[in-house]
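S.K.: My questions will all concern the structure given below.
Where a number appears in this text, it was derived from the coordinates with a stated rule and is not lab data. Please read all numbers here as calculations on a predicted model, not as lab measurements. Cβ atoms come from the backbone with ideal geometry, glycine included; neighbour counts cover every protein chain shown.
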Amino acid sequence: MHDTIVVGAGLGGLTAGAKLATAGQDVLVLEKHTIPGGYATTFQRGECEFEVSLHEIDGLDEGDAKREVFAELGVFDAVEFEPVPNYRVRHGDGDVTLPHGREAMEAALVEAFPEEAAGIERFFDVVCRIREEISEFPMSGGSLRTLLTAPFTSPTLLRYRKTTLGEFLDSLVDDERLKLLLSFNYAYYNDDPYTLALPFFAAGQGSYLAGGGHYVKGGSQALSDHLASVVEDAGGSVELGRLVTDILVEDGRATGVRHEKTNTGTDARTDRARTVVANGAIPNVAEHLLPDPHGADLHAEIGDFERGPSLTTLYLAFETPLCELGNDHYSTFVVDESVDALSETATNSHASFGRRSFAFVDYSQVAADLAPEGQSTGTVATLDEWDNWAGLTDEEYRQKKAHVKDVLLRRLDEQIPGAADAVAHAELATPKTMHRYTRNPGGAVYGFAQTPSQSLLNRQIRAPVSDLYFASAWSFPGGGFSGAILSGYGAASNVLQRDSRAEPAAAD
Ligand SMILES: Cc1cc2nc3c(=O)[nH]c(=O)nc-3n(C[C@H](O)[C@H](O)[C@H](O)COP(=O)(O)OP(=O)(O)OC[C@H]3O[C@@H](n4cnc5c(N)ncnc54)[C@H](O)[C@@H]3O)c2cc1C
């Protein structure tokens with residue numbers, strides 16, 4: 001009998017497992033893949049290590065709730081974070097470098113759009129204030145929720161809780177090019193600025209403005225491996241290649257799981273626990289893991305929730321560091337020239353791959369340690385959706401992948417001439433790939449979409465049975481590295497709070 005079983009070793013599951021194990025619990029983490037991390041992983045081809053997901057992780061400044069989490073779990077002692085220098089945004093003839101930090105970024109934008117100075121100042125003011133309000137609440141004891149249950153102490157958050165990023169920008173500035181620049185990385189959060197909840201955007205964006213962006217030396221696998229080692233060093237175990245097929249429920253309580261070897265379905269086992277934490281996608285918990293009527297109850301609870309977008313990513317190795325071809329930016333956002341207004345970005349997310357806006361990351365611009373001396377790796381990423389790839393035969397899927405790979409490579413070469421000729425290895429991952437490795441429905445990368453009606457307080461999804469907790473991009477507060485890590489920490493804090501309430505009071 002374990003104290004807690006965690007279903008899935010993504011960042012949410014690993015953080016929950018690590019916090020509970022270091023609090024003295026007997027923790028078992030079960031992961032269907034052969035490595036821990038979910039999307040926070042790397043893979044090897046030849047001499048190069050390829051980053052599956054991470055472009056950058058926000059904040060790590062004093063106001064960042066993750067600092068407390070990372071300090072507690074020894075992350076800063078074991079993992080090195082490389083600051084990411086700046087962003088380049090290209091849009092038609094426009095080519096703007098946005099420095100990190102509120103003052104520098106605001107100054108650069110005011111210089112380029114002096115007639116919009118008041119709106120620009122208001123934008124940064126509100127984004128930073130929302131982030132400050134959020135960071136005023138300590139994380140321990142699951143008290144991040146306090147922020148949302150006492151919104152009157154958070155006036156900016158309260159005021160904008162129903163506002164989308166697009167609506168907010170429309171209310172502040174007129175110039176569409178400026179709106180696109182102020183929201184250049186909206187795809188880090190959702191596929192449409194006009195459905196993206198401003199507070200969720202501001203929490204992340206304010207964190208980037210205050211603390212900058214960072215890459216993990218050696219890739220995000222280093223962070224996942226560390227969290228897995230924290231579980232094991234504290235006496236818990238992380239079992240890989242184990243697919244959880246059922247969450248057991250007795251008398252309205254989660255009491256354990258049934259699991260088997262991932263690819264063969266053999267070696268089935270049942271393990272019992274006082275608590276189950278689900279890191280795998282909540283829709284899968286409802287549909288596949290919980291018995292009815294509890295699965296149906298959870299299904300009803302999330303019935304109207306829409307899932308967020310997926311991403312298609314082209315993983316690239318180059319025979320040369322790209323700075324030798326003239327690239328000196330870490331992140332380049334290419335807004336397609338067919339996009340004239342912010343309101344056109346959502347349509348562009350579904351445009352052909354020859355027209356869809358994309359981001360390119362050149363990992364050789366930081367000490368990423370992913371490629372041997374003289375080589376480099378990078379990724380081209382575009383928003384994408386399951387339906388673009390569903391219903392194809394194997395051959396059609398293979399051909400479409402080859403075509404999209406060529407298109408994205410050509411478009412990268414237009415930005416960095418010579419890049420295509422320097423490619424030593426290219427490999428495309430689609431929403432289907434994302435799904436295959438994580439089981440996230442539709443290959444979603446940020447869980448449920450962060451619309452105002454699915455964000456903040458509205459994202460508090462009740463488990464249909466006691467002693468079952470959720471810790472993933474699909475739960476509160478949401479997706480991205482930060483969201484998943486905080487969800488895991490919050491879930492573990494809630495488990496510990498439940499236990500402390502259940503403990504008999506000490507005798508006088
Ligand atoms: C290409 C790409 C780029 C990204 N870039 C960034 C970025 O720059 N910055 C950022 O902050 N975020 C980024 N993200 C998003 C971020 O990676 C995710 O939101 C976050 O890692 C999700 O974490 P999670 O805890 O929800 O778990 P997931 O990563 O979804 O992992 C869930 C784990 O559970 C396991 N699992 C599921 N079901 C079962 C089962 N039944 N039994 C056993 N195991 C199971 C899966 O195998 C998986 O390992 C990116 C994502 C992608 C794909």
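S.K.: When you go through (1) touching a residue at least 60 places away in the same chain (Cβ under 8 Å); (2) within 21 Å of Gln44 (Cα to Cα); (3) surrounded by fewer than 16 Cβ atoms within 10 Å (Cβ to Cβ) one by one for Tyr437, which number turns out not to apply?
M.R.: Among (1) touching a residue at least 60 places away in the same chain (Cβ under 8 Å); (2) within 21 Å of Gln44 (Cα to Cα); (3) surrounded by fewer than 16 Cβ atoms within 10 Å (Cβ to Cβ), Tyr437 violates only (3).
S.K.: Any residue in the range 387-402 that is more than 26 Å from Asp328 (Cα to Cα), among the small types (Gly, Ala, Ser), under 28 Å from the mean Cα position of the chain (by Cα) and not in a helix (DSSP H, G or I)?
M.R.: yes
S.K.: Can you find a residue in the range 214-237 that is closer than 26 Å to Ala107 by Cβ and aliphatic (A, V, I, L, M)?
M.R.: Taking every residue of the range 214-237 in turn, none turns out to be closer than 26 Å to Ala107 by Cβ and aliphatic (A, V, I, L, M).
S.K.: Could you tell me which residue of the range 48-64 is farthest from the ligand (Cβ to nearest atom), considering only residues that are of a type in the set (D, E, K, R) and either assigned to a loop (DSSP other than H, G, I, E, B) or farther than 19 Å from Tyr315 by Cβ (or both)?
M.R.: Glu62
S.K.: Return only the number of the condition from (1) under 13 Å from Gly219 (Cβ atoms); (2) surrounded by 22 or more Cβ atoms within 10 Å (Cβ to Cβ); (3) not small (Gly, Ala, Ser) that Asp58 does not satisfy.
M.R.: Every condition holds for Asp58 apart from (1).
S.K.: Residues of the range 316-326 being surrounded by fewer than 22 Cβ atoms within 10 Å (Cβ to Cβ) and either touching a residue at least 12 places away in the same chain (Cβ under 8 Å) or not acidic (Asp, Glu) (or both), which ones? So that I can check it myself, show each step before the final result.
M.R.: Initial filter on the range 316-326 (surrounded by fewer than 22 Cβ atoms within 10 Å (Cβ to Cβ)): 319-321, 323-326.
Residues satisfying the conditions are Glu319, Thr320, Pro321, Cys323, Leu325, Gly326.
S.K.: Something else about it: Does Val69 satisfy the condition of being β-branched (Val, Ile, Thr), touching a Gly at 6+ places or on another chain (Cβ under 8 Å) and either within 10 Å of the ligand (Cβ to nearest atom) or in contact (Cβ under 8 Å) with a residue 12 or more places away in the chain (or both)?
M.R.: no
S.K.: I'm trying to understand the selection: among the residues of the range 119-138, which are without any contact (Cβ under 8 Å) to a residue 24 or more places away in the chain and closer than 24 Å to Leu180 by Cα?
M.R.: Glu121, Asp125
S.K.: Count, please, the residues in the range 23-47 that happen to be part of a strand (DSSP E or B), more than 16 Å from His226 (Cβ to Cβ) and more than 7 Å from the ligand (Cβ to nearest atom).
M.R.: Of the residues in the range 23-47, 4 are part of a strand (DSSP E or B), more than 16 Å from His226 (Cβ to Cβ) and more than 7 Å from the ligand (Cβ to nearest atom).
Matching residues to (1) acidic (Asp, Glu); (2) within 21 Å of Val29 (Cβ to Cβ); (3) away from the ligand (no atom under 13 Å from the Cβ); (4) not in a loop (DSSP other than H, G, I, E, B):
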residue: Lys432; (1), (2), (3), (4): no, no, no, yes
residue: Ser453; (1), (2), (3), (4): no, no, yes, yes
residue: Leu457; (1), (2), (3), (4): no, no, yes, yes
residue: Arg462; (1), (2), (3), (4): no, no, yes, no
residue: Ala473; (1), (2), (3), (4): no, yes, no, no
residue: Gly483; (1), (2), (3), (4): no, yes, no, yes
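S.K.: Restricting attention to the range 410-433, and to residues there that are under 16 Å from Leu311 (Cα atoms) and of a type outside the set (Gly, Ala, Ser), which single residue is surrounded by the most Cβ atoms within 10 Å (Cβ to Cβ)? Full working, then the answer.
M.R.: The first filter runs over the range 410-433 and keeps only residues under 16 Å from Leu311 (Cα atoms), leaving 427-433.
After this cut, where a residue has to be of a type outside the set (Gly, Ala, Ser) as well, the list is 427-428, 430-433.
Numbers: Glu427: 15, Leu428: 20, Thr430: 21, Pro431: 24, Lys432: 20, Thr433: 19.
Among residues in the range 410-433 that are under 16 Å from Leu311 (Cα atoms) and of a type outside the set (Gly, Ala, Ser), the one surrounded by the most Cβ atoms within 10 Å (Cβ to Cβ) is Pro431.
S.K.: Please go through (1) farther than 17 Å from Ser349 by Cα; (2) without any contact (Cβ under 8 Å) to a residue 24 or more places away in the chain; (3) of a type outside the set (Ser, Thr, Tyr) for Asp387 and return the number of the only condition it doesn't satisfy.
M.R.: Here Asp387 clears every test but (1).
S.K.: Go through the range 435-451 and give me each residue that's touching a helix residue (DSSP H, G or I) at 6+ places or on another chain (Cβ under 6 Å) and in a helix (DSSP H, G or I).
M.R.: His435, Pro441, Gly442, Gly443 - these are the residues of the range 435-451 that are touching a helix residue (DSSP H, G or I) at 6+ places or on another chain (Cβ under 6 Å) and in a helix (DSSP H, G or I).
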